[in-house]
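Since the structure comes first, as structure tokens, the remarks are kept for the end.
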Amino acid sequence: MAVPGSSFAQVAIGNEPDPLVDNLRVGPNASVVGMWSPVRGWPLVGIHATLMPSGTVMTYGTALGGDVHDGRTFDLWDPARGLDDPAAHYTLPNAQFIDSFCSAAAFLKSGAMLISGGSAVSNNYSSRASTLFDPKTATPTAAASQLAYQRWYASMLTLTDGRILITGGGAPYVVNAFRGPATAIAQGDVSMTPEIYTPGAGWSTLPGATSRDAFGPDFNRWWYPRMWVAPNGRVFGISADKMWSLDPNGRGATRTLGNFKTGFNAFRRPNTGPTSTAAMFDVGRILQVGGNGASNEHATPSSAAATVIDIRGAAPVLTEVAPMANPRQWANSTILPDGTVAVTGGTRFADNAGADAVYPAELWDPRTGRWKTGASAATYRGYHSAAVLLPNATVLVTGGGVPGPVTNFNAEIYYPPYLFRTDQGRQVLAPRPRVASVNAKTFDYGARLTVSLAGDDSISRVALVALGTATHSFDSSQRYIPAAFSQTGRTVSVVMPGSPNIAPPGYYMAFLLDAAGVPSNGIIVSIGGMAAPVAGPAGKGPIKAQIGELSKRVSRGRDGTTVVVNAQAGTLWRLTGGQSAAPIPAPKPMVDVAVVTANSIYGLATDGSILRYNGNAWKQVGHGGRTISASEDGTVAITNIEDNIYVKNADDDVEAWSYMPGAALRVVPMSRLAYWAIGMDGNVHRIEKGGKWTQVGESVGDLATAGDGRIAVTNKFTNEIWTKAGDDVTRNWQHNPTKAISLAVARGGSLITVGPDGNVYRE
């Protein structure tokens, strides 16, 4: 029988443009400190963040645009669409009415994500409920089995046999259990007995593993216990001041391994408690940094201390390493493809912003044990923030607040220094190894991943990084595994880990680093009997979410840049994610807009003049226009005041147009070779390059196209939307009862619309 991953039948790996990296304006000294993206809007406060096997990122924690605790709204963001494309988000509201706020999550072998515990006050199970989320269909379902204990602020991980372990947690909003531990135990406020989820059988308790040292109220040990599968197959954990080991078999057993450090102390400032952050940066080696607080309400100075815990032997070995330059509570630690640990966000005291906020990233190199201060973010990320590594080797940072001194409906991207180099005194993007194909996406232990490179890169290192599941300053899933490999020409053979003790069943990104330490894009693979990673339906949402207001026209470019025309002032606004928008200063009021990319935006002014914005300045490129539209290939078409049609000869600042026979109320190019039009009869027609018109629909008010052949129209009488897949004359229209006066359609079918109420919506 063939071993999965042993076949040489190759799976092609796309190297499509990356809007998060392409055309990046590289900052000064980026090859030393890295850089941050601009702050961009996010539909909700991303308190929980998980990189899904599909490559999308799930966040949840509040309702859309709401600043209250609510884990019933899941948002999937597609990094391949970038931060500026409103169609990049796919939002599911009120998932099964289970409130997963302050929950825990882990992947099952089926590929489904199990989300358990949290607030869940809106159902009969209280904080004992679970949701199963299928990333292939983006469908949440309520799990039939409920937990025996309340699990607000619990931790979960996947065990070596694919079962799920949950530890810690307690009754919702028992923040200060550490101030009265005896009372908290007597009232059942904290859950000191772990539980196991077995697929097909549900939850069961581990009564032999009950432990106050590991999961009790003292120093809030129950609050998101830090835990990992150790090289011996058991679970190792740090809960505030205690270290422990758990055997999940049979009735379970927990053994205290001694003190990590003392409890919280304003003078010594130990790196303890749930306000710290930790990451397994190598096999059996953990970095624990920051902290010195029991909760977000605990007014204590932060710790800068850093400790390496080695759990490869019979007993943990603790080594103090250099402290961070900045003391931090509520920071996040993210393992990078080169083995470096990036620490972002945090505060110098309690959960304070202002002068106590810490903005610079810090990078810890395990080879030297030293820290390097990186570039500074623009937004305070403290309590309720999250950070996850993306497949393109950047770090997404979301959330913060609710409660807190901030309410962050936004996100930022950190670009580590390895993505840049110095070229003739200039900071530029470094060339990266590119993967052309792999032999498989799912592997058994000890199998070989065969990678075909697109170029002649010399590979110096290969690493597997588990997909992250981050919340409350801890990522229970991420781990870094160096992989043995050999290279012959453009073929790299990678040996997968040989044991689930080293790599528990799950999803991992395989990164190949060149001689300069520059990583390839990560290849998402499954190991240990997990279902193969399959792309999900990100970017195609089933609901309508408001993302703007006071608009009359909308247009979307091939890079996702989406611009609206203000209904009152005729100003232009670029939608920047969530419900945010940024003005695009224009010399004249506008009545229409057409977007090719962020650096090629056409505006039709109230006086009929046509202007082009190249990202820096406007230049007039035409006159006498009445409508304007553009396609992804840069084709621009107008109708003029006499209903004549003109097509721009090139996507540039030159005023050069060609006449197209016919008359229309609006013309929208699909490409240079095909056009769609609202004819003078009010019907929709397809126009071939040679001039042949074919009617394909009736009574159209507005029209939009996407580069994959999708067409969307509105009915001029009812404003209802009809969509069609296929740049042809087949009348296979699908009805959408949503109403719009203007619309744009993205590849895959997502819609950005201006409703009759003037508000802008994403569907």
Charge dipole of the chain built from unit charges on the beta carbon (Lys, Arg +1; Asp, Glu -1), centred at mean Cα; most positive-end Cα among ILE645, VAL26, GLY188 is GLY188
At the level of C-alpha centres, the distance separating segment 149-188 and segment 660-684, in angstrom, is 62 Å
What number, rounded to the nearest 500 deg cm²/dmol, is the helix-based mean residue ellipticity at 222 nm of the chain, given -39500 (n - 2.57) per DSSP H run of at least four residues and division by all its residues? -500 deg cm²/dmol
Just rank PHE267, PHE474, PHE215, fewest to most, by other beta-carbon atoms within 10 angstrom. PHE267, PHE474, PHE215
³J(HN,Hα), Karplus 6.51/-1.76/1.60, whole Hz, each residue of segment 212-229, x for Gly, Pro: 6, 4, 8, 9, x, x, 4, 6, 6, 5, 6, 8, 6, x, 7, 8, 8, 6
So GLN695 and ARG251, fully extended at 0.36 nm per residue minus their Cα-Cα distance, gain in nm 152.7 nm
Derived scalar couplings ³J(HN,Hα) [segment 546-556; Karplus, 6.51 cos²θ - 1.76 cosθ + 1.60; whole Hz; x for Gly, Pro]: 6, 10, x, 8, 6, 10, 10, 9, 9, 9, 10
Amide H of VAL21 versus every other amide H placed in the peptide plane: which residues, excluding those fewer than 5 positions away on the same chain, fall under 5 Å? none
Please give the contour-minus-distance gain from ALA454 to ASP757: 0.36 nm per residue of separation, less the Cα-Cα distance, rounded to one decimal in nm. 104.0 nm
Spin-label zone in segment 23-48 - amide nitrogen under 20 Å from a point set 7 Å from the Cα of TYR359 along the C-beta vector: 25-42
Note, ³J(HN,Hα) from phi for segment 421-426, Karplus 6.51, -1.76, 1.60, rounded to Hz, x at Gly and Pro: 8, 9, 10, 6, x, 10
Between segment 277-306 and segment 216-265, what is the separation of their alpha carbon centroids in Å? 15 Å
Segment ASN616-ASN265, extension gain: residue separation times 0.36 nm, minus the distance between their alpha carbons: 121.1 nm
Please report, in debye to the nearest 20, how large the charge dipole of segment 545-762 is about its Cα centre when each Lys and Arg carries +1 at its beta carbon and each Asp and Glu carries -1 there. 240 debye
Anchor LYS372: lysines whose Cα lies under 26 Å away (excluding residues fewer than 8 positions away in-chain): LYS261
Listing TYR359, TYR675 by rising number of other beta-carbon atoms within 10 angstrom, fewest first, gives TYR359, TYR675
Under Stokes-Einstein, with the Kirkwood radius over Cα pairs standing in for Rh, what whole-number D in µm²/s applies to segment 44-111 at 37 °C and 0.692 mPa s? 264 µm²/s
For the chain, with +1 on Lys and Arg beta carbons and -1 on Asp and Glu, the positive-most of ASN732, THR422, SER580 along the dipole: THR422
Dipole of the chain, positive end: most advanced residue of LEU513, ALA314, SER600 [Cβ charges, Cα centre]: ALA314
Quick one: compute the contact order of segment 28-421, relative version, from alpha carbon pairs under 8 angstrom and 6+ residues apart, as a percent. 14 percent
Mind checking the dipole of the chain: about its Cα centre, +1 per Lys or Arg Cβ, -1 per Asp or Glu Cβ, Debye to the nearest 20? 1060 debye
Excluding residues fewer than 8 positions from LYS544 in its own chain, the aspartates and glutamates with Cα under 15 Å of it are ASP75, GLU720, ASP757, GLU763
Using 7 Å Cα-to-Cβ label points, what is the LYS739/SER493 separation (nm, one decimal)? 6.6 nm
Tell me, how many Å apart are the Cα centres for segment 457-500 and for segment 322-352? 22 Å
Does a label point 7 Å from the Cα of GLU655, set along Cα-to-beta-carbon, have any residues of segment 568-597 with amide nitrogen under 17 Å, and which are they? 587-588
P(r) over all Cα-Cα pairs of segment 28-421, 20 Å bins from 0 to the longest distance, whole percent per bin, short to long, reads 29, 63, 8
Which lysines have a Cα lying under 19 Å from the Cα of LYS619, excluding residues fewer than 8 positions away in the same chain? LYS588, LYS648
Along its three principal axes, how long is the chain when you only count alpha carbons? Whole Å, largest extent first please. 85, 59, 56
Return the FRET efficiency for the residue pair ALA436, ASP633: r is the Cβ-Cβ distance, R0 is 30 Å, and the value is rounded to the nearest 0.05. 0.75
Separation in nanometres of the label points that stand 7 Å from Cα toward Cβ, at GLN546 and ARG367: 5.3 nm
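Values quoted throughout were computed directly from the atomic coordinates according to the rules given, and no laboratory measurement underlies them. Bear in mind the structure is a predicted one, so any value in this text is a computation, not a measurement. Note: ideal-geometry Cβ built from the backbone for every residue, glycine included; neighbour counts use all protein chains shown.
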